[in-house]
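Trainee: Handing you this structure, nothing more for now.
The values are calculated or read from the model by the stated rules, or taken from the named source; none is laboratory data. These numbers were taken from a predicted model, which means no experiment stands behind them. The accessibility values were calculated without ligands, DNA or RNA, using every heavy atom of the protein model including side chains. Shrake-Rupley method; radii C 1.70, N 1.55, O 1.52, S 1.80 Å.
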Amino acid sequence: MARRILGGGGGAAALAAALVFGSMTGTALAEDEAKKAHKEDKRIGEAAAEKELYVGKLALFDAKQIALGNMALEKTQDPQVRQFAQKLVTDHKQHLSDLKAWADSKSIEVATVDLAGPPGTGGSGATPGMQEGYDKKMEGVDERLNKRITEAEKELDKLREKNGKEFDKDFLSRVADDGKKGQDLAKEGMDKYKTDAAFSALLSKTRQGIAGNETMAKELEKSMRR
């Protein structure tokens, strides 16, 4: 006896529904993956901006120490202070050069800091998500960098008004005070970017150099009090 098949269209309808559901699920998964990828790209962009901002702080520190040293070379009459000022300039010019070489290898643009003019800052070419994260982190960076430059210029202008032994003492005191800040800045990067061996080594060398100059500045300052 032949069997009758009831509701023969049910199988086709179920298959169609499954295909539609599968398509919707696939679309939802694709959208979810796209959101995750965008979020990760945004995080990468923010991290790149943070690193560039940190490098900018280092460059500004170098620029200020170079400016202090050059001022001392112009104003001091003390041979020991002159010798120290030359060392300060040489050390920080070398560090700035090393910093730029490292930054170039990582496609990071070092902020061009000129204490006599406006700063220049870098950019970032990447995916839309990376650019979004980078741009958000960099909001107001020009304003913040300009503020720091203005503060440095005020300190330099104040020191420039001094002469003779008064200038020498204030110059050495300024270098010693900056030395503590510079070491803290280098340590901050060593802790944060310890997975980058080359950068960590550069910062360690920088920190040691700053510490040495701080000690020398304090010793020279003490000798002037005798």
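Trainee: Can you compute log10 of I(q)/I(0) for the range 150-223 with the Debye formula, treating each Cα as one identical point scatterer, at q = 0.14, 0.23, 0.24, 0.25 Å⁻¹?
Mentor: -0.54, -0.96, -1.00, -1.03
Trainee: Just to check I understand the Karplus step: with θ = phi - 60° and J = 6.51 cos²θ - 1.76 cosθ + 1.60, what whole-Hz values come out for the range 59-66, glycine and proline as x?
Mentor: Taking θ as phi minus 60°, the curve returns 5, 5, 4, 4, 4, 5, 5, 5 Hz for the range 59-66.
Trainee: Roughly to the nearest percent, how much of the accessible area of the range 159-226 is carbon and sulfur, given a 1.4 Å probe? Let's see the in-between values first.
Mentor: Working: 1910 of 3900 Å².
Carbon-and-sulfur percentage of accessible area, whole number: 49.
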